[in-house]
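Everything below concerns the one structure shown next.
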Amino acid sequence: MHFRRSFLLILLAWAVPILIFCQTGGRDPFVKISGEVSKPLTLYKEDLAKMKQVPVAFTDRNGKSRQFTGTPVLDILAQAGVTLGKDLRGENLTKYMMVKCADGYEVLFSLAELDSSFTDRKIVLVFQSEGKPLSATEGPFRVVVPGEKKPARSCMQVTELVIRYAKE
């Protein structure tokens, strides 16, 4: 049993970087912003590095605290023309962001959870930890959600942020 688990972990450590490489066609990794946006985006690390950078501390499920650097998701969504701020009311409050990851993992956030007019929490799309690029099994991009009791929505290997209406 232990051998199988170890074998699967080793297999995943090799397969995920290959999957990401194939997803990008051998080019630099990117994250897409799509769905209910006025300006769909494809952002590479260089694009994110030009945007506002913030440090964010995160404690993983093993209790280990790490320091990450990245771009607030709110800033990325604003660049894509997502409904935010004073326009985030009424029907627009039914919008959400689905985070998609290379391994098929997906998590949801209502737009109100991301908007600074509703909350002080900053959810960040990170690409560095302790000043170095994220490992292949963790990155190249990761969403970090500080302050949650369970780190389940701080997901790894992020490939796309999709904005949708819950009414669909």
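Quick check on my filter: what residues within the stretch 117-155 are β-branched (V, I, T) and touching a Lys or Arg at 6+ places or on another chain (Cβ under 8 Å)? Listed by number, the residues that qualify are V126, V143, V145.
Of the numbered criteria (1) part of a loop (DSSP other than H, G, I, E, B); (2) of a type outside the set (V, I, T); (3) touching a residue at least 24 places away in the same chain (Cβ under 8 Å); (4) surrounded by fewer than 19 Cβ atoms within 10 Å (Cβ to Cβ), the one A152 fails is (1).
When residues in the stretch 94-118 are screened for being touching a Cys at 6+ places or on another chain (Cβ under 7 Å) and either loosely packed, with under 13 Cβ neighbours inside 10 Å or over 21 Å from F30 (Cα atoms) (or both), 0 of them pass. Take R164 and tell me if it is at pLDDT 95 or above, in contact with a strand residue (DSSP E or B) (Cβ under 9 Å, 6 or more places away or on another chain) and more than 22 Å from N92 (Cβ to Cβ). For R164, the condition - at pLDDT 95 or above, in contact with a strand residue (DSSP E or B) (Cβ under 9 Å, 6 or more places away or on another chain) and more than 22 Å from N92 (Cβ to Cβ) - is not met. Look through the stretch 119-149, keep the residues that are small (G, A, S) and over 30 Å from N92 (Cα atoms), and return whichever of them is surrounded by the most Cβ atoms within 10 Å (Cβ to Cβ). Of everything passing the filter in the stretch 119-149, G139 is surrounded by the most Cβ atoms within 10 Å (Cβ to Cβ). Residue-level check: of (1) in a loop (DSSP other than H, G, I, E, B); (2) exposed (fewer than 13 other Cβ atoms within 10 Å of the Cβ), E91 misses just (1).
Within the stretch 97-123, the set of residues being among the hydroxyl-bearing types (S, T, Y) and part of a strand (DSSP E or B) comprises just one member, S110. On the given criteria, is L74 buried (at least 18 other Cβ atoms within 10 Å of the Cβ), within 17 Å of V54 (Cβ to Cβ) and not aromatic (F, W, Y)? Answer is yes for this residue. Taking the criterion of being under 29 Å from Y165 (Cα atoms) and among the aromatic types (F, W, Y), the only residue of the stretch 31-59 that qualifies is Y44. Please give the number of the condition T119 fails out of (1) in contact (Cβ under 8 Å) with a residue 24 or more places away in the chain; (2) out of contact with any Leu (no Cβ under 7 Å at 6 or more places or on another chain); (3) not basic (K, R). T119 satisfies every listed condition except (1). Which residues, taken from the stretch 37-49, are more than 14 Å from the chain's Cα centre (by Cα), more than 21 Å from L108 (Cα to Cα) and surrounded by 11 or more Cβ atoms within 10 Å (Cβ to Cβ)? Hits for the stretch 37-49 are D47, A49. Scanning the stretch 127-149 for residues that are in a strand (DSSP E or B) and under 13 Å from the mean Cα position of the chain (by Cα) turns up F127, Q128, R142, V143, V144. For residues that are part of a loop (DSSP other than H, G, I, E, B) and touching a Ser or Thr at 6+ places or on another chain (Cβ under 7 Å), scanning just the stretch 52-68, find the one that is surrounded by the most Cβ atoms within 10 Å (Cβ to Cβ). Step by step, filter the stretch 52-68, then rank; the result is Q53.
The values are calculated or read from the model by the stated rules, or taken from the named source; none is laboratory data. Note that the structure is predicted; figures quoted are calculated from it, not measured. Counting neighbours? That spans all protein chains shown, and the Cβs are built from the backbone with ideal geometry, glycine included.
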